[in-house]
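Student: Provided herewith is a single structure, encoded as structure tokens, for subsequent inquiry.
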Amino acid sequence: MHNYIPMIPPPRWQDLLDVVIVAYVIYRIAILIRGTRTMQMVVGMVVVGVAFVSSQVLGLFTLNWLLNSFLSSLFVILVVIFQADIRRALTRVGARSFLSPRAAAAAASDEIATAVAWLAARRIGALIVIEQDDGLGDFVESGRTLDARVSPELLETIFMRGSPLHDGAVIIDGSQILAAACLLPLSSNPNVSLSLGTRHRAAIGMTEDTDAVVLVVSEEDGTISIARGGLLRRGLEASEVLATLRRLPA
């Protein structure tokens with residue numbers, strides 16, 4: 001009697017394309033929710049899923065029944081919990097192709113550096129966030145939507161004393177100013193110097209939670225600082241700011 005050996009069909013190019021597309025979509029979703037409250041909720045859902053599987057394996061019938069009742073309504077629960085994030089994600093898809101890479105981070109480097117130098121020379125405080133890969137939708141929604149092209153004149157006007165938008169941060173994506181007067185999280189790092197003001201602590205806090213790059217102009221002495229990865233560099237010249245922005249990944 002011959003043993004039957006099942007034949008494994010050879011892989012097709014469509015299978016490879018299918019895997020690549022799905023992997024890229026998952027990657028883009030992960031980037032959208034990275035550093036946001038949504039990511040914490042996703043981690044919580046993963047923990048619930050692991051607990052459900054474990055309860056089946058270990059024979060924890062009561063826990064399994066409770067989790068099974070919870071997971072049976074999972075779709076409705078997800079829609080309720082993530083309704084704001086779903087709406088924001090769909091908006092981003094409509095505004096910019098979901099499958100395309102983000103706009104070049106350094107697209108408006110000259111305009112931003114010019115504005116920062118002008119503000120520093122006049123000791124006008126400023127807080128400018130440059131979006132990278134992490135979505136900043138939560139922070140954009142905390143301010144006033146502008147959706148305007150970056151220009152030195154507009155940035156200078158926003159931060160002028162007496163402007164209704166000067167108290168808060170400007171968020172820039174590529175060559176577009178998404179919003180102004182945005183609220184940023186303050187750093188909770190106990191090692192941050194107490195001599196730093198609110199703008200500098202907000203810049204550090206923002207870069208602790210996201211991969212954004214944040215420029216700060218001190219209104220006390222006109223010092224230019226840049227925050228990235230939770231670290232703050234102070235005392236930069238305008239030429240250093242420009243060089244840093246031009247080195248940001250496209």
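Student: Of the peptides 133-139, 235-241, 164-170, how do they stack up when ordered by the mean number of other Cβ atoms within 10 Å, highest first?
Tutor: By packing density, highest mean first, the sequence is 133-139, 164-170, 235-241.
Student: With a point put 7 Å past each Cα toward its Cβ, work out how far R161 is from D221 in nm, to one decimal.
Tutor: Inter-label distance under the simple model: 1.9 nm.
Student: Along the Cα→Cβ direction, 7 angstrom out, place labels at R122 and A148. What is the inter-label distance in nm?
Tutor: 1.5
Student: Given C-alpha coordinates of segment 159-250, what is the ratio Rg to Rh with the Kirkwood estimate of Rh?
Tutor: Expressed as Rg/Rh, it is 0.94.
Student: In whole Hz and in residue order, list the ³J(HN,Hα) couplings for segment 15-28 that follow from phi through the Karplus curve 6.51 cos²θ - 1.76 cosθ + 1.60, θ = phi - 60°; x for Gly and Pro.
Tutor: Once θ is set to phi - 60°, the couplings for segment 15-28 become 5, 5, 4, 4, 5, 5, 5, 4, 4, 5, 4, 4, 4, 5 Hz.
Student: Computed over the Cα atoms, what is the radius of gyration of segment 124-210 divided by 2.2 N^0.38 Å, N being its residue count?
Tutor: Normalised by 2.2 N^0.38 Å, the Cα Rg of segment 124-210 equals 1.07.
Here, each number is a calculation from the coordinates, and none is a lab measurement. All values reported here derive from a predicted model rather than from experimental measurement. Neighbour counts run over all protein chains shown; Cβ positions are idealised from the backbone, glycine included.
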